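Worksheet for the structure shown next.
Where a number appears in this text, it was derived from the coordinates with a stated rule and is not lab data. Just so it is clear, the model here is predicted, and its values are computed rather than measured. Positions of Cβ are backbone-derived with ideal geometry, glycine not excepted, and every protein chain shown enters the neighbour counts.
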Amino acid sequence: MEFECILVETKEKVGLITLNRPKALNALNDQLMNELGVALKAFEHNDTIQCIVITGSQKAFAAGADIAAMANYSFMDAYKGDYITRNWETIRQIRKPVIAAVAGYALGGGCELAMMCDFIIAADNAKFGQPEVKLGTLPGAGGTQRLPRAISKAKAMDMCLTARMMDAEEAERAGLVSRIVPADMLLEEALSAAATIASMSLPVIMMIKESVNRAYETTLSEGVHFERRLFHSSFGTEDQKEGMKAFLEKRTPEFKNQ
Ligand code: CO8
């Protein structure tokens, strides 16, 4: 498939998706969301790829859903149409790790897209916000649900009700982003983190992702039980044998994803 709204590259074991509608600050329209879904699924099914990075431009990761596209929607357009469901949750179905590398604006659906990734690395110029209230609507892709889990109810309410933006420093303090890097180092840093992840055992990476995500869906005791079973099952992999043997032999492990 030819892409027009995103750029797709591979860097050894890392798949890189760059949102690319610069004139609209990467506003997330139907076409972009279609292409994003196709690219994500292609990386998911590509045996060479072990980690995915989604990024935007220096000015904007994404300034939200495309306001021009939805401005005249009726309730029925919104409720029955597939714009609203188009690949917005696809990213949650990807079992390989997905890193959001965010510079500039991550607003509305852009902030929600970043939060759907497994973690966010922010450039020092990043700005996060849920400004939908200013448009007479509210976050529709998980903003009111994922923000409180990520940064507390108080800050989530503040951001969603006042539409104020959070800069990178505050986002890191609040736990929304895992690290901040200088804007011109963002991609390098994100690709390096992705390459580190991609050097590990893919089945184990997938188990870790599944287990951490389970923490948001279940009780502590059920979550620990789930983790314990995955821990047990890791002993059925060749990679666990190789990882522990390599440690004892003081060498770098060679994982085979088996
Ligand atoms: N949609 C469409 N076009 C946009 C968007 C957007 N979200 N954001 C920016 N643009 C366009 C502008 O219209 C402008 O186009 P043009 O040059 O043709 O006039 C171009 O991008 C550049 O934008 P600005 O001139 O405004 O640039 P500034 O640097 O002055 O301002 C801002 C940058 C602050 C980011 C500003 O553009 C802005 O406030 N944008 C809107 C942010 C916003 O409100 N986002 C939330 C959108 S609603 C949403 O995301 C709901 C998600 C629900 C998902 C539901 C799934 C189920």
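In this structure, the amide hydrogen of residue 127, modeled 1.01 Å from its nitrogen in the peptide plane, lies closer than 5 angstrom to those of 104, 105, 106, counting only residues at least 5 positions away or on a different chain. Ranked by the mean number of other Cβ atoms within 10 Å of their residues, highest first, the peptides 45-57, 117-129, 203-215 fall in the order 117-129, 45-57, 203-215. Computed on the chain, with alpha-carbon pairs under 8 angstrom and 6+ residues apart, the relative contact order is 16 percent. Taking amide H as placed 1.01 Å from N in the peptide plane, the amide H of residue 65 sits under 5 Å from that of 28, 109, 110, each at least 5 places away or on another chain. Seen from every direction in turn and averaged, the convex hull around the alpha carbons of the chain projects onto 15.1 nm².
What translational diffusion coefficient, to the nearest whole µm²/s, does region 53-203 have by Stokes-Einstein, given a Kirkwood radius computed over alpha-carbon pairs, a temperature of 4 °C and 1.567 mPa s viscosity?
On the way: Rh = 15.8 Å.
This corresponds to a translational diffusion coefficient of 82 µm²/s.
Each Lys and Arg Cβ is given +1 and each Asp and Glu Cβ -1; about its Cα centre, the chain then shows a dipole of about 520 debye.
Hydrodynamic analysis of region 29-132 uses the Kirkwood radius over alpha carbon pairs. Inserted into Stokes-Einstein at 25 °C and 0.890 mPa s, it gives a translational diffusion coefficient of 171 µm²/s. Of the peptides 71-79, 171-179, the order by per-residue mean of other Cβ atoms within 10 Å, starting with the highest, comes out as 171-179, 71-79. Over the chain, dividing the summed -39,500 (n - 2.57) contributions of all DSSP H runs of at least 4 residues by the number of residues returns a 222 nm mean residue ellipticity of -13000 deg cm²/dmol.
In straight Cα distance, which aspartates and glutamates are under 15 Å from residue 256, not counting same-chain residues fewer than 8 positions off? The reachable aspartates and glutamates, counting only those whose Cα sits under 15 Å from residue 256, are 47, 238, 239, 242.
Of 59/127; 41/96; 209/245, which pairs sit farther than 19 Å apart, going by alpha carbon to alpha carbon? Write down the numbers at each step before the final one.
On the way: 59/127 10 Å; 41/96 10 Å; 209/245 24 Å.
Correct reply: 209/245.
Computed over region 116-185, the alpha-carbon pair-distance distribution with 5 angstrom bins reads 3, 18, 28, 25, 16, 8, 2, 0, each value a whole percent.
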